[in-house]
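The structure under discussion appears below in the form of structure tokens.
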Amino acid sequence: MPRNINVGDIVELKKQHACGCKEFEITRTGMDIKIKCTQCLRVIMLDRETLEKRIKKIIDK
């Protein structure tokens with residue numbers, strides 16, 4: 001079942017980023033989703049299916 005992901009949501013991923021942070025902000029949605037690391041501000045673009053598998057929980061809406 002697809003998750004309801006919106007722009008501005010803060011999500012926690014299962015694996016941490018290279019900088020050590022697990023929290024990312026959703027900056028763009030669609031078939032591909034763009035996320036931004038909340039610590040080092042690096043932007044990553046993933047397809048929706050991959051991101052939904054990697055999300056542990058939605059922290060803030």
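The values are calculated or read from the model by the stated rules, or taken from the named source; none is laboratory data. Quick caveat, the model's predicted, so the values are computed rather than measured. A quick note on method: Cβ atoms are made from the backbone with ideal geometry, for glycine too, and the neighbour counts reach across all protein chains shown.
Test Lys34 against the criterion of being modelled with pLDDT of 95 or more and loosely packed, with under 11 Cβ neighbours inside 10 Å, and give yes or no. Here the answer is no, as Lys34 does not meet what is asked.
Consider the stretch 18-58 and keep the residues that are in contact (Cβ under 8 Å) with a residue 24 or more places away in the chain and in a helix (DSSP H, G or I). The one that is farthest from Asn4 (Cα to Cα) is Arg54.
Screening the stretch 37-61 for residues that are in contact with a strand residue (DSSP E or B) (Cβ under 9 Å, 6 or more places away or on another chain) and of a type in the set (A, V, I, L, M) and picking the one that is surrounded by the most Cβ atoms within 10 Å (Cβ to Cβ) gives Leu51. For the stretch 4-19, filtering for residues that are loosely packed, with under 11 Cβ neighbours inside 10 Å, polar (S, T, N, Q) and more than 14 Å from Arg48 (Cβ to Cβ) leaves 0.
Please enumerate the residues belonging to the stretch 1-10 that are under 14 Å from Lys61 (Cα atoms) and in a loop (DSSP other than H, G, I, E, B). Within the stretch 1-10, Arg3, Asn4, Ile5, Asn6, Val7, Gly8, Asp9 meet the criteria.
In the stretch 11-26, is there at least one residue being closer than 14 Å to Lys61 by Cβ, among the β-branched types (Val, Ile, Thr) and modelled with pLDDT of 95 or more? Yes - at least one qualifying residue is present in the stretch 11-26.
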